[in-house]
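These notes are about the structure you will find just below.
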Amino acid sequence: MPHLFSLTKKLSELKYIKPKTLEGLNAEGIYTVSDLLLYAPSRYEDRSTLRRAYQIRESGVLNTFAEVKSTSYFGPVNKRILKITLEECYIQKDENLYRPNTINLLCFNRNFMERYVHTGNRYYLFGTANRKTPSSVDLASFELHPALSAEDYGYGKILPIYPLNSLLSAKSVRNCVFKVYDEFQKDLTSPLDEDTVQKAGLMDIKQAISALHYPSSISQAEKARRTLAANELYYLIKEYGTFGGREDDDIIAHPVLNEHEKKFIASLSFKLTQAQEDALNEIISDLDADFVMKRLLQGDVGSGKTIVSLIAAYHEILKGNQVVMMVPTELLCVQHYKNALALFENTGVNTVLLKGGQSAKERNSVLSAIRDKRANLVIGTHSLSGENIEFSPSLSLAIIDEEQRFGVEQRESFLKKNSMVNILTMSATPIPRSLAELLCGKANLSTITTLPSGRQPIITHLVSPNKRNLMFDFIKNEFEKGNQAYFVAPRINSTDDARRDVYDLETELTAVFPSLPYGVIHSKVNEKDKISILEDFRTGKLKYIIATSVVEVGLDNPNATCMVIERADLFGLSTLHQLRGRVGRGNKQSFCFLVYTKNMTQEAVSRLKAMRDSTDGFALSESDANTRGMGDVFGTKQSGKSSLKFINLKTDRDLFPVIRNAVKKESSK
C-alpha cells in the first residue's frame, strides 16, 4: 500500500483542479498529491471564538460581527481615503457582556469597497485593531465579508494560512486540499508502528493530515506537525542511512596514549581544559576504532578546538599516517601553519602549506611532498579539495576548520580520494545540514563546553540609529583604557544608504576618532598588505580595524574589546557569532554592538534578539536551522526547506532516538 510520501499522482490529472489554480500550485513546487497534502500552512489564525472590540486595550485581533452605520472620506481631496464606520451587533440573544464600540475601517488604497458595503447590513470582520478612544477602535488591516458567508472565511474555525502567489487564493488552496484529502485519505499510511506512535505521543497519519489543514485547536495543529515530523524523520533516516560509527549510548573507552603523545601534551604552554580532554578522548577513540569516523567538534569561538584537532593529527602521524587540514581563508591558513610549525618543532612532523599566490616551483614542491608522503601534515585552503591534488595512500584524517564556510562537495571531497578517510569538522556555529546529520545518526558530536580560564562572556548590545553617539562615547572610553576595536561593514562599496560600506564608515570614524591610527581590510586588499595591517593591529600600532566580514575567522587579538557590526540585520547568525568571537580573546571584558536600521524584516529582528540573548553558538545554529531549514540532506544544499518541511530541531529533539530505534527495529526483521 502506498504511504503518504509516495502519493505521486499528478495534480494535473485531477479534473476538479482549475488550470489557474494548478499553475499557482506548480509555482509553489506542488505537483503531486503528496506535495499538496504536505503543503504546510505558514501559520494559523484562531477564529474559533469571538473577540469583541471592548476587549481590545491598546491593540489586538478582532474577530466579530458588526453592522455598517455609515461611510465617509478623509484626507486631501486628490487622495481621499474611505472610512467605513460600524457598530458591533449581538450574535446570541443571551450575550450579556456586549458593550457597544464604534469600529472604524480605514480603507487605504481600498476605496472600491464603497461599492460592496451597504449601510444597515451586517458583516463578519477579522483584523488587527488599535484602540483610539475609550469607545472606538481603528483597523487598517482587515477582512470584511457578508455575515451569511462568514463560515466560508473561517469564522468559528482555526484557519490555515498558506503561502500564496498571484495565481492562488486562500479559498482555492483550501478547496483543493479538501477534495484531494477526501479522495486519497484511504491511501494514507505510516511506517511507524503503534508502539512508536504511542511512545512519542503522535497521531494516526490520517488524523495528522486532517488536523494539519483543518485543526480544531492550535495545539492539535502542533501535534499534527509533530506527527508528520516523525514520519519525515523515519524516511530521512531510512533513506539517508544511519551512521556506522558510535551510537549515542556507546561507552567511549579512554584511549591509550603513547609516551610521545603524553610528552607532547605535557609540553604545551597551557593545560587543556577538562572539556578539551573529553573531546580529544572521543576523537582519538574513534580514530582507533574499526569504523570510519565522521565527527563534528563544536565549541564556541576561542574555546580551543584547533589545539584539540592538532593533537588528534599528531596521534595519526605517529601511526605513520598523513593528515590534511582545510581552512577557509588564506589569513587563517597562514596562522594555522605558523602555529603548527611552532607546535611540532623537534617532533619530526613535516608540515607544508598549500595556498594561492605560491610560485609554480613552490607549489609543485609542496604537491610532490604531499604525494610521496614526505609531508605529514598538509594545511591549505579550499584548493585542497581539487581533483588534481594527489594525497599519499596513507591519508587517514581530514580536518575541516570552520565547516560552515565550505560547501558539501568540498567537505566530502576527501572521501572521493579515499573512502576510509576519517572526517573531523569544526565549527562554533555548525551549518543546519550538519545538525540534521547529527540528529539522524549520520555523525557524532564532541562539544567543548567551557572557555579557557579567565575568559568572560561577551556583552552584546543592539544599537539603534539614535544611539550611535552613545556607542562611540563608550568605545572612546575603551580606547583611553588602551583597548582596541573592530568596525565591520557589510559591503566594500555601496550606492545606497550611508554607513553600509567600508568607505562610508571610514569617513565617519575618522571624524569621530581624529588622529587615531587605523587600518582597512577587505577582499580587494592584497594578501601581503592584509598580513601587514593585522600584524600592526596585533602589536598595537593600529587602534582599530575597518573591515568587511573577511575578519570573521582566524584573528586573535586579546587586546581588542569592541566589535561593532554595521547593518547587523544584513548578516546571518553564524557570521554574527563568528564576528563577535573576534573579541573576548583575553581576560578583559569585551563588547559587541549590533547596529541596525528601523526598517528590518521580522526575521532580522529575531536574529538580532537571538544574538543579544545567547552566546551559545550551538543554540544559535539550531535557531538558524529552524528559521532557514536544514537544507537538502540528500543533495548539496546546506540550508533551505527543500528536504525537510516539518522537523523542528528545538522542539523535536526527543523524537530522534525514538524514531532511530523504530528504523532499527524494522530493519532487523
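The values are calculated or read from the model by the stated rules, or taken from the named source; none is laboratory data. Treat the numbers as computed from the prediction; the structure is a model and nothing was measured. Cβ placement follows ideal geometry from the backbone for every residue including glycine, while neighbour counts extend to all protein chains displayed. The protein model used for the area step is the full one, side chains on, heavy atoms only, and it has no ligands, DNA or RNA in it. Shrake-Rupley method; radii C 1.70, N 1.55, O 1.52, S 1.80 Å.
One table, with the values for the structure above:
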{"quantity": "Flag if Lys171 is more than 33 Å from the chain's Cα centre (by Cα), closer than 22 Å to Pro41 by Cα and part of a helix (DSSP H, G or I)", "calculated": "no"}
{"quantity": "Lys543 vs. criteria in contact with a strand residue (DSSP E or B) (Cβ under 8 Å, 6 or more places away or on another chain) and more than 28 Å from Asn469 (Cβ to Cβ)", "calculated": "no"}
{"quantity": "Qualifying residue in the range 118-127 (condition: among the charged types (D, E, K, R), within 37 Å of the chain's Cα centre (by Cα), within 30 Å of Gly75 (Cβ to Cβ) and open to solvent by 50 Å² or more (accessible area, probe 1.4 Å))", "calculated": "no"}
{"quantity": "Yes/no for Ser590 being at pLDDT below 75 and out of contact with any Asp or Glu (no Cβ under 8 Å at 6 or more places or on another chain)", "calculated": "no"}
{"quantity": "Cross-chain or 6+ apart pairs with Cβ under 9 Å, the range 208-219 first and in a helix (DSSP H, G or I), then of a type in the set (Asp, Glu) and open to solvent by 30 Å² or more (accessible area, probe 1.4 Å)", "calculated": "Ile218/Asp46"}
{"quantity": "Failed item, numbered, when Gln456 is tested on (1) of a type in the set (S, T, N, Q); (2) within 26 Å of the chain's Cα centre (by Cα); (3) surrounded by 15 or more Cβ atoms within 10 Å (Cβ to Cβ)", "calculated": "(3)"}
{"quantity": "Selection count where residues are open to solvent by less than 50 Å² (accessible area, probe 1.4 Å), of a type in the set (A, V, I, L, M) and farther than 17 Å from Ile647 by Cβ, scope the range 210-227", "calculated": "1"}
{"quantity": "Unique match (being more than 18 Å from Ser396 (Cα to Cα) and of a type in the set (Asp, Glu)) among Asp286, Asp278, Asp290", "calculated": "Asp278"}
{"quantity": "Index of the failed condition, Met420 passing every other in (1) open to solvent by less than 30 Å² (accessible area, probe 1.4 Å); (2) farther than 27 Å from Gln274 by Cα; (3) of a type in the set (A, V, I, L, M); (4) modelled with pLDDT of 70 or more", "calculated": "(1)"}
{"quantity": "Boolean, Gly156 is in contact with a helix residue (DSSP H, G or I) (Cβ under 9 Å, 6 or more places away or on another chain), assigned to a loop (DSSP other than H, G, I, E, B) and either in contact (Cβ under 8 Å) with a residue 24 or more places away in the chain or open to solvent by less than 20 Å² (accessible area, probe 1.4 Å) (or both)", "calculated": "yes"}
{"quantity": "Tabulated pairs, the range 41-59, first under 23 Å from Lys132 (Cα atoms), second among the charged types (D, E, K, R), C-beta under 8 angstrom, 6+ apart or interchain", "calculated": "Arg52/Glu88; Arg52/Arg99; Ala53/Glu88; Tyr54/Arg99; Ile56/Arg131; Arg57/Arg131; Glu58/Arg131; Ser59/Arg131"}
{"quantity": "Out of Val564, Val583, sole residue that is surrounded by 17 or more Cβ atoms within 10 Å (Cβ to Cβ) and within 21 Å of Glu402 (Cβ to Cβ)", "calculated": "Val583"}
{"quantity": "Qualifying residue in the range 228-244 (condition: at pLDDT 85 or above, open to solvent by 40 Å² or more (accessible area, probe 1.4 Å) and over 25 Å from the mean Cα position of the chain (by Cα))", "calculated": "no"}
